[in-house]
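All remarks here apply to the structure that follows.
The values are calculated or read from the model by the stated rules, or taken from the named source; none is laboratory data. The model shown is predicted, which means the values in this text are computed figures rather than measured ones. Backbone-built Cβ (ideal geometry, glycine too); neighbour counts: all protein chains shown. SASA here: full protein model, heavy atoms, side chains in, ligands and nucleic acids out. Shrake-Rupley method; radii C 1.70, N 1.55, O 1.52, S 1.80 Å.
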Amino acid sequence: MIYLDHASATPVSDKVLRAMTPFMTDDFFNPSSAYLPAVRVRDAYENAKNSIANSIGAKGNDLVITSGATEANALAMTVVSKNGKILVLETEHASILENVKKYKFDIIKVDKNGLINLDDLKSKLSDEVELVSVSLANNELGTIQPLAEISRILKESRLDRLKRGITTQLLLHSDSSQGLALLELNIARLGVDLMTLNSAKICGPKGVGALYVGHDVRLTPLTSGGGQERGLRAGTENVAGVIGFATAIEAIRGHSSAARKKYTALVSILKKELEKAKIAPIFLGNAKHQLANFLPVSFPGLDAERLVFKLEEQEVYVSTGAACSASKGEPSHVLRAIGLTDTEIAGSLRLSLGVLNDEENVQQAGKIIRKVVDDEVRRIYG
Ligand code: PLP
């Protein structure tokens with residue numbers, strides 16, 4: 001098989017699996033228990049949390065471990081008071097767009113490449129806005145948002161509020177599920193107060209995530225019980241999952257520049273092959289502001305769902321838009337937001353490269369995709 005859907009899921013590496021296994025077998029103890037073997041498990045858990053946190057310039061105590069990015073995103077929103085409002089980008093993942101409906105909210109627009117419209121952000125920063133949530137990189141287009149610039153705008157707005165005697169909070173949250181392996185993240189440099197991390201996208205186990213919580217940020221727990229995670233997320237700790245997450249994050253540390261280089265070269269091979277198709281592909285987004293492993297592409301006039309199915313017959317696995325919106329059978333809100341026509345949306349594939357790709361299989365995938373596209377063109381247009 002050739003797998004071109006790493007934005008959706010990644011395989012757990014052998015190293016990660018090896019690190020996790022003892023914590024499901026010999027070292028199965030509950031980290032809250034008092035006896036020595038359990039205390040050792042607690043230490044391993046805390047070390048793993050420190051390791052995850054250090055990779056973004058934070059401390060283990062700043063993290064709340066969650067069941068993945070969806071829960072971390074929902075927890076981040078609890079920072080908002082009863083009268084507060086949240087601003088979110090119109091291209092955010094469903095876990096943001098659905099959870100925000102529980103609050104007062106407004107939508108920030110993007111441009112044709114999926115980049116935040118900063119003027120729209122500024123115009124919507126009314127005094128009741130307490131949280132702005134902008135993902136680090138979009139999961140359909142790979143568009144990387146200028147978080148440091150957004151943070152500067154929020155800082156100005158905070159100062160302006162102070163001058164007028166208004167002391168309501170104004171915080172920045174970023175869902176950083178995508179891009180962790182390709183961008184060096186540092187919470188201080190990015191200026192974020194809350195940040196979602198996702199193990200599943202970096203060859204760690206699924207169902208594990210974390211929310212970085214800045215020092216003066218007050219959340220309301222989604223679950224109550226045993227007081228784990230400083231009372232912010234009750235429930236027995238997923239020790240093996242967190243050990244796996246930490247091992248996965250350590251494995252990518254220091255390699256982002258090499259990874260960017262690798263994927264830029266592989267994407268260029270794919271692009272060249274697709275450009276030879278009988279229908280001119282439209283490459284979506286702007287490579288300058290895009291994750292190096294993303295290649296969202298539209299073949300207008302073709303049906304992407306049929307392409308996915310035809311590619312599957314040849315064991316090439318790709319997505320139409322985001323896997324989650326595709327399963328709802330609705331046209332992608334992201335592709336709509338960047339102004340694609342219905343025909344362009346219907347013909348859109350998301351190719352996302354990762355650890356399972358190399359020059360050879362990407363070249364081969366390119367040829368197979370081109371052939372499937374050409375067959376479809378012949379079938380439809382004769
Ligand atoms: N946010 C983004 C940007 C994602 O890409 C995903 C996963 O596809 C999620 C959130 C949801 O992550 P999880 O399924 O781990 O809750």
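Of L162, A94, G84, which is farthest along the charge dipole of region 14-252 in the positive direction, counting Lys and Arg as +1 and Asp and Glu as -1 at C-beta?
After comparing all options, I get L162.
Give me Rg over Rh for the chain, both radii from the alpha carbons and Rh done the Kirkwood way, two decimal places.
Working: Rg = 21.6 Å, Rh = 21.8 Å.
Using only Cα positions, Rg/Rh for the chain is 0.99.
Cα-based Rg of region 125-266 per 2.2 N^0.38 Å, rounded to two decimals?
Details: Rg = 17.2 Å, N = 142, 2.2 N^0.38 = 14.5 Å.
Relative to the rule-of-thumb radius for its length, region 125-266 sits at 1.19.
Computing the accessible area with a 1.4 Å probe over protein heavy atoms, can you report the carbon and sulfur percentage for region 8-68? All intermediate terms of the calculation are to be shown ahead of the outcome.
Values: 1710 of 3140 Å².
Ligands and nucleic acids excluded, carbon and sulfur reach 55 percent.
In bins 10 Å wide, starting from 0, what share of all Cα pairs of region 1-93 does each bin hold, as a percent?
12, 28, 34, 18, 7, 0
Provide the percentage of antiparallel DSSP beta bridges, counting only those with both residues in the chain; round to the nearest 5.
Details: 20 of 38 bridges.
Among the beta bridges of the chain, antiparallel pairing accounts for roughly 55 percent.
Hey, can you find the accessible area per residue of the chain for me, probe 1.4 Å, expressed in square angstrom?
On the way: 16870 Å² over 382 residues.
Per-residue accessible area for the chain comes out at 44 Å².
For region 1-62, which trypsin sites (Lys or Arg not before Pro) are in a loop by DSSP, counting at most 15 other Cβ atoms within 10 Å?
K59
Bin all alpha-carbon pair distances of region 18-148 at 10 Å intervals from 0 and give each bin's fraction as a whole percent.
Going from the shortest bin to the longest, the percentages are 11, 30, 28, 18, 11, 2.
For an R0 of 41 angstrom, estimate the FRET efficiency from the Cβ-Cβ distance between K59 and E275 and round to the nearest 0.05.
The calculated FRET efficiency here is 0.30.
Enumerate the residues in region 190-220 having an amide nitrogen under 19 Å from the point lying 7 Å beyond the Cα of T25 toward its Cβ.
205
Two decimals is fine: what's Rg over Rh for region 239-367, C-alpha atoms, Kirkwood radius as Rh?
Here the Rg-to-Rh quotient is 1.00.
Report the trypsin sites (Lys or Arg not before Pro) located in region 207-283 that are in a DSSP loop and have at most 16 other Cβ atoms inside 10 Å of their Cβ, or state none.
R218, R253, K276, K278
Pairing the Cα long axis of helix 239-252 with the longest principal axis of the chain, what angle in degrees results, from 0 to 90 and rounded to the nearest 10?
The two axes meet at around 60 degrees.
Looking at the chain, identify the longest residue range that excludes and avoids all chymotrypsin sites (Phe, Trp or Tyr not before Pro) in DSSP loops having at most 13 other Cβ atoms within 10 Å.
Answer - 36-382.
Over the C-alpha atoms of region 5-46, what are the Rg and the largest Cα-to-Cα span, Dmax, in Å?
Final numbers for Rg and Dmax: 13.7, 44 Å.
Rounding to the nearest 10 and keeping the result within 0 to 90°, find how far the Cα-based axis of helix 304-313 lies from the longest principal axis of the chain.
80
How big is the charge dipole of the chain about its Cα centre, in debye rounded to the nearest 20, if each Lys and Arg gets +1 on its Cβ and each Asp and Glu gets -1 on its Cβ?
Numbers: 46 positive and 45 negative charges, 133 e Å.
For the chain, the charge dipole is close to 640 debye.
Give the accessible area for E305 in Å² (nearest 10); use a 1.4 Å probe, count only protein heavy atoms, and leave out ligands, DNA and RNA.
Solvent-accessible area, nearest 10 Å²: 120 Å².
Mind pulling the angle between the C-alpha long axis of helix 36-54 and the longest principal axis of the chain? Nearest 10 degrees, somewhere in 0 to 90.
For helix 36-54, the angle is close to 60 degrees.
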